[in-house]
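The values are calculated or read from the model by the stated rules, or taken from the named source; none is laboratory data. Computed from a predicted structure; not experimentally measured. All Cβ positions, even for glycine, are placed from backbone atoms using ideal geometry, and neighbour counts span all protein chains on display.
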Amino acid sequence: MSSTQPAVRALADDDGRVARGRSTRDRLLSTARAHFGERGYEATSIDAILNGAGVARGALYHHFASKEAVFDAVLAEVVAELARKVRETGRQQSDPAESLKAGSLAWLRLAVDPAVQRIMLLDAPAVVGWTRWRALDDEHTLGATKAALRQLAKAGRLPAAATDTLAHLILAAVGETALLIARADDPAAAQAAGETAVQLLLDRLLGTAAGE
C-alpha cells in the first residue's frame, strides 16, 4: 500500500465531513427561514427547526450557539439576497441617478413580501439589536449607494463633500418607508404611496443637485 493512501483517505474523509456540515447548516437555515418568515421569531421554537430540518439538537448547536444565532444567520442571508436583487435592478440603468432610483423602488417592492417584513423589518431590531441590524444593512447597501452618489458628484451633479451623508439619508428614508409598508394595514396601498414619495424625494434631490 502506498504511504500516500492513508493521507488521501483522510483528506477525502475531511472533505466529506465538511460537505455534510454545510448540508446540515443549509437545511437548518432553510427551515428556520421558513418558520421565522411565517411565524416570527418568538413563535418559532428550536424543536420546530430541528423537526423541520431533520437534524439532531447536537448538530444544531455545533453550528449555532442559540436560536438568536440561527436568526442572525438567516437575517444575514436575507439581507444579502435582497441587496443582490436591488443591485441587479439598479444595473439595468446606465445613469447612476436612475440606477439609484430603480434600486430604491425595487427594495420597497421587495418589502411587501410578508417573510421579508417579518424577518428583516419587524423582528430583526428586537432580536439582534439596532446596531447589528444597521451594520448588516450598511454592509450590503451603503457602499453601492455611496458609489452611485460619487459618480454623480464626479459629473458635477452633486457636491462631493455631501455624498457620504446623503447616502445615509437616502438609506434612512427608504428604510423608514419600508417599515411603514411593513406595519401598514394595507401594505399594497402603503407601497404605492411609498414609491411615489421616494421617487419624489430622489427626483427633487438629484434634480436640484443637477441644477434643474
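Points worth noting:
- Subset of segment 103-133 [of a type outside the set (S, T, N, Q), surrounded by fewer than 16 Cβ atoms within 10 Å (Cβ to Cβ) and either farther than 24 Å from ASP185 by Cβ or in the same structural domain as ALA34 (by TED's automatic domain parsing) (or both)]: GLY129, TRP130, ARG132
So that you can scan it fast, the table gives a plain yes or no per residue for (1) surrounded by fewer than 17 Cβ atoms within 10 Å (Cβ to Cβ); (2) within 23 Å of GLY129 (Cβ to Cβ); (3) touching a Cys at 6+ places or on another chain (Cβ under 9 Å); (4) not assigned by TED's automatic domain parsing to the domain that holds VAL128:
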| position | (1), (2), (3), (4) |
| --- | --- |
| GLU42 | yes, yes, no, yes |
| ILE49 | no, yes, no, yes |
| GLY52 | yes, no, no, yes |
| GLU81 | yes, yes, no, no |
| ARG87 | yes, no, no, no |
| GLY90 | no, no, no, no |
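- Subset of segment 63-81 (residues that are touching a residue at least 40 places away in the same chain (Cβ under 8 Å) and not β-branched (Val, Ile, Thr)): HIS63, GLU68, PHE71, ASP72, ALA73, LEU75, ALA76, GLU77, ALA80
- Scanning segment 157-210 for residues that are farther than 22 Å from TRP107 by Cα and either touching a residue at least 12 places away in the same chain (Cβ under 8 Å) or surrounded by 13 or more Cβ atoms within 10 Å (Cβ to Cβ) (or both) yields ARG157, LEU158, PRO159, ALA162, ALA209, ALA210.
- Among the residues examined, ALA161 qualifies as in a helix (DSSP H, G or I), over 23 Å from the mean Cα position of the chain (by Cα), over 26 Å from LEU122 (Cα atoms) and hydrophobic (A, V, I, L, M, F, W, C).
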